[in-house]
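Undergrad: Before we start, here is the structure in question, set down as structure tokens.
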Amino acid sequence: MTCAGSATGLTSANPMVVGNWPYGHVAKPSPERKDTVISKLFTPIKMRDLEVRNRVFVAPMCQYSAEDGMPTDWHTVHLGTRASGGAGLVIAEATAVSPEGRITPWDLGIWNDDQANAYRPMTDFIRSQGSIPAMQIAHAGRKASTNRPWKGGKLLSPGEGGWTPVGPSTLPFSEDLAVPSQLTVGEIKSLVTAWTKAAERALTGGFDVVELHFAHGYLIHEFLSPISNTREDEYGGSPENRARFPLEIARSIRAIWPDHLPLFVRISATEYVEGGWDIDDAIQFCGWLKEAGVDFIDTSSGGNSPAQKFTPFTGYQVPFAAAIREQVGIATGAVGMITEPEQAEKILEDEQADAILLGRELLRNPYWPLQAAATLGDKLNYWPNQYLRAAVYPNN
């Protein structure tokens, strides 16, 4: 019996072409072959002392497949595949800092040491493929305690395994979700500790980067926004007060996170709601984050109100990343309907962002980075040995 692909009848003179990609007998990299890179997308990026081999980052994408917060084989295969597909940085999905911080009962968690140790096989594999393992840590706030999206995403009652969500105020996200319990100042302080311990455990689990999830209408975004935070104490009211909680988290984590490793934050740059959080607020906040020791802003948008009004289009969030990069002087990542190598390359060439985060496109094609390199004329020596028979290089 022959292995698949070894007896196709194809030759280098008679390749089969599917889309833009020629398949058949192609040149194999020799051990001494060096990478030849001409694109910005596949130029390494250095943040503090950490060098990432290229600027294609895997965006955190919830899989709703954990068991009591523990990663499963699904997560290892899901993230490991993107690493072997050539991504420079692989960010694990929103990982809850406490059980009540999960969106669903099937979210990943990092609130105990057993969970931290369970990530080691995953991070070891990601690193073995030449990629950098990262974890996004998060708290769902008032959007917690729901079912899996493919089960309708409805609110779960305590009898169904749900719980009472928490938030800055007693304002529900929508009429379909629960009225949250307003956090006390003491509970806020405890959550700063929970976030910090989660970051420490992420380091134990083998992650070189943590990203703080301050976006998409989850707990920290809820504190930042005037449409979800109506508090009248030191954590509400003015922009400085509404930013107090996230800045306490960022400073506390930066104090324990190794100085040679970078700290990321994901934000929503605007809410698309009149009177809500907008790009000017985001720029001011990112300046404060930079002062707190944050190195990279993963720039997204929306998620804090069902009343948001916008129509996504190709690269619709890139201008936000560009504005923050220019006005704050901090590295940014662009995300949102970026699908083509040439599009990603132009964003970087035009200095609108420092890295490209891909989500849905990498769900459709985990090997997008390797194929994109060929499109852009880069010869890379990090195709997995097991896949060399299918490797695509430019000018073969």
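The values are calculated or read from the model by the stated rules, or taken from the named source; none is laboratory data. Just so you know, these numbers come straight off a predicted model, no measurement behind them. Please note: Cβ atoms are built from the backbone with ideal geometry, for glycine as well, and neighbour counts cover all protein chains shown.
Listed here are the residues, each with its yes/no results for (1) surrounded by fewer than 20 Cβ atoms within 10 Å (Cβ to Cβ); (2) closer than 24 Å to THR36 by Cβ; (3) over 20 Å from the mean Cα position of the chain (by Cα); (4) modelled with pLDDT under 95.
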position	(1), (2), (3), (4)
GLN317	no, no, no, no
PRO341	no, yes, no, no
ARG364	yes, no, no, no
LEU380	no, yes, yes, yes
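Undergrad: While we're here: Tell me, yes or no, whether the range 105-113 has at least one residue that is at pLDDT 95 or above, closer than 30 Å to SER84 by Cα and touching a His at 6+ places or on another chain (Cβ under 9 Å). So that I can check it myself, show each step before the final result.
TA: So the first thing to find is which residues in the range 105-113 are at pLDDT 95 or above, and the list is 105-113.
Among the residues that remain, those that are also closer than 30 Å to SER84 by Cα are: 105-113.
This time we only want the ones that are touching a His at 6+ places or on another chain (Cβ under 9 Å), so: 108.
Yes, some residue in the range 105-113 is at pLDDT 95 or above, closer than 30 Å to SER84 by Cα and touching a His at 6+ places or on another chain (Cβ under 9 Å).
Undergrad: Select from the range 260-290 the residues that are among the aromatic types (Phe, Trp, Tyr) and either within 20 Å of VAL335 (Cα to Cα) or within 17 Å of the chain's Cα centre (by Cα) (or both) and list them in ascending order. Working first, answer last.
TA: Going through the range 260-290, the residues among the aromatic types (Phe, Trp, Tyr) turn out to be 264, 272, 277, 285, 288.
Selection gives PHE264, TYR272, TRP277, PHE285.
Undergrad: Here are some conditions: (1) closer than 24 Å to ALA323 by Cα; (2) charged (D, E, K, R); (3) under 20 Å from the mean Cα position of the chain (by Cα). ARG254 meets all but one. Which one does it not meet?
TA: Answer for ARG254: the failing condition is (1).
Undergrad: Applying the selection to the range 55-106, what residues are touching a strand residue (DSSP E or B) at 6+ places or on another chain (Cβ under 9 Å) and among the β-branched types (Val, Ile, Thr)?
TA: Scanning the range 55-106 gives VAL56, VAL58, VAL90, ILE91, THR95, VAL97, ILE103, THR104.
Undergrad: If TRP106 satisfies every condition in (1) under 15 Å from VAL209 (Cα atoms); (2) surrounded by fewer than 24 Cβ atoms within 10 Å (Cβ to Cβ); (3) of a type in the set (A, V, I, L, M, F, W, C) but one, which is the exception?
TA: Tallying (1) under 15 Å from VAL209 (Cα atoms); (2) surrounded by fewer than 24 Cβ atoms within 10 Å (Cβ to Cβ); (3) of a type in the set (A, V, I, L, M, F, W, C), TRP106 fails exactly one: (1).
Undergrad: Please work out which residue is nearest to PRO226 (Cα to Cα), limiting yourself to the range 266-294 and to residues that are in a helix (DSSP H, G or I) and of a type in the set (Val, Ile, Thr). Break it down into steps so the answer makes sense when it comes.
TA: Going through the range 266-294, the residues in a helix (DSSP H, G or I) turn out to be 279-291.
Next, only the ones that are of a type in the set (Val, Ile, Thr) stay: 279, 283.
Working: ILE279: 14, ILE283: 16 Å.
Residue satisfying both the conditions and the ranking: ILE279.
Undergrad: Give ALA92, ALA83, ALA96 a once-over and let me know the one that is within 15 Å of the chain's Cα centre (by Cα), farther than 16 Å from ALA202 by Cβ and touching a residue at least 24 places away in the same chain (Cβ under 8 Å).
TA: Working: ALA92 fails: farther than 16 Å from ALA202 by Cβ; ALA96 fails: farther than 16 Å from ALA202 by Cβ.
Being within 15 Å of the chain's Cα centre (by Cα), farther than 16 Å from ALA202 by Cβ and touching a residue at least 24 places away in the same chain (Cβ under 8 Å) holds for just one of ALA92, ALA83, ALA96, which is ALA83.
Undergrad: Please enumerate the residues belonging to the range 293-306 that are surrounded by fewer than 19 Cβ atoms within 10 Å (Cβ to Cβ), at negative phi and not polar (S, T, N, Q).
TA: Once the filter is applied, which keeps residues that are surrounded by fewer than 19 Cβ atoms within 10 Å (Cβ to Cβ), at negative phi and not polar (S, T, N, Q), the range 293-306 yields ASP295, PRO306.
Undergrad: Within the range 48-80, take every residue that is assigned to a strand (DSSP E or B) and buried (at least 20 other Cβ atoms within 10 Å of the Cβ) and give me the one that is farthest from the chain's Cα centre (by Cα).
TA: The first filter runs over the range 48-80 and keeps only residues assigned to a strand (DSSP E or B), leaving 50-52, 56-58, 67, 70.
Retained after the next criterion (residues that are buried (at least 20 other Cβ atoms within 10 Å of the Cβ)): 52, 56-58.
Numbers: VAL52: 15, VAL56: 11, PHE57: 8, VAL58: 6 Å.
In this case the residue turns out to be VAL52.
Every residue, every condition in (1) on the phi < 0 side of the Ramachandran plot; (2) touching a residue at least 24 places away in the same chain (Cβ under 8 Å), yes or no:
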residue	(1), (2)
GLN308	yes, yes
THR311	yes, no
GLY329	no, yes
ALA353	yes, yes
GLY359	yes, yes
PRO384	yes, yes
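Undergrad: If you don't mind, another one. Collect the residues in the range 253-265 that are assigned to a helix (DSSP H, G or I) and either β-branched (Val, Ile, Thr) or closer than 22 Å to SER225 by Cβ (or both), keeping them in residue-number order. Give the steps one after another, and end with the answer.
TA: Residues of the range 253-265 that are assigned to a helix (DSSP H, G or I), as a first pass: 253-256.
Passing the criteria: ILE253, ILE256.
Undergrad: Could you check the range 110-143 and list, in sequence order, the residues that are part of a loop (DSSP other than H, G, I, E, B), within 30 Å of SER174 (Cβ to Cβ) and among the small types (Gly, Ala, Ser)? Before you say what the answer is, go through the steps one by one.
TA: If we filter the range 110-143 for residues that are part of a loop (DSSP other than H, G, I, E, B), which is where we start, we get 110-112, 119, 129-131, 139-140.
Checking which are within 30 Å of SER174 (Cβ to Cβ) leaves us with 110-111, 139-140.
Matches in the range 110-143: ALA140 only.
Undergrad: Evaluate the following for SER131: is it more than 25 Å from GLY302 (Cβ to Cβ), of a type in the set (Ser, Thr, Tyr), at pLDDT 95 or above and buried (at least 21 other Cβ atoms within 10 Å of the Cβ)? Walk me through it before giving the result.
TA: Values: more than 25 Å from GLY302 (Cβ to Cβ): yes; of a type in the set (Ser, Thr, Tyr): yes; at pLDDT 95 or above: yes; buried (at least 21 other Cβ atoms within 10 Å of the Cβ): yes.
Spelling it out, SER131 is indeed more than 25 Å from GLY302 (Cβ to Cβ), of a type in the set (Ser, Thr, Tyr), at pLDDT 95 or above and buried (at least 21 other Cβ atoms within 10 Å of the Cβ).
Undergrad: Can you tell me which of (1) aliphatic (A, V, I, L, M); (2) surrounded by fewer than 24 Cβ atoms within 10 Å (Cβ to Cβ); (3) out of contact with any strand residue (DSSP E or B) (no Cβ under 6 Å at 6 or more places or on another chain) is the one ALA118 doesn't meet?
TA: (3) is the only condition that ALA118 fails.
Undergrad: Sticking with this one: Kindly state which helices (runs of 4 or more DSSP H) lie completely within the range 300-365 and contain at least 3 residues that are touching a helix residue (DSSP H, G or I) at 6+ places or on another chain (Cβ under 7 Å) and under 20 Å from CYS286 (Cα atoms).
TA: Numbers: elements: 318-328, 341-349, 360-364.
Here the list reads 318-328.
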